[in-house]
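*Asks:* Dumping the structure here so I can ask a few things about it.
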Amino acid sequence: MDTQHTVPLPLRRMFEHLDVNIEHSFQRMPNQMKNAMHTCEVCDKFCRCDYDTESRYFRCPNRDFLDILEET
């Protein structure tokens, strides 16, 4: 399965910014990844997040989950 195409662009950019492997994250935490994708898609910052990833990271509703992934 090619998950790169299903991950919303803002979330994909967050993963790139944090240098987190998307495929590996899906393998380790598939349900949490699906929840993070849904959260990203319904986020009120969705349209603004993709161009200013670094500052949006601090207000991202997935920040706790992203921190966990970054540490692993």
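*Asks:* Test Glu71 against the stated conditions and say whether it is surrounded by 11 or more Cβ atoms within 10 Å (Cβ to Cβ) and without any contact (Cβ under 8 Å) to a residue 24 or more places away in the chain.
*Replies:* So Glu71 does not fit the description; no.
*Asks:* Identify all residues within the stretch 24-50 that are surrounded by fewer than 17 Cβ atoms within 10 Å (Cβ to Cβ), within 13 Å of Pro8 (Cα to Cα) and modelled with pLDDT under 90; write none if there are none.
*Replies:* Result: Lys45, Phe46, Cys47, Arg48, Asp50.
*Asks:* Counting only residues that are at pLDDT 90 or above, acidic (Asp, Glu) and part of a loop (DSSP other than H, G, I, E, B), how many does the stretch 1-23 have?
*Replies:* So the count comes out to 1.
The values are calculated or read from the model by the stated rules, or taken from the named source; none is laboratory data. Computed from a prediction, not measured in an experiment: that's the story for all the values here. Please note: Cβ atoms are built from the backbone with ideal geometry, for glycine as well, and neighbour counts cover all protein chains shown.
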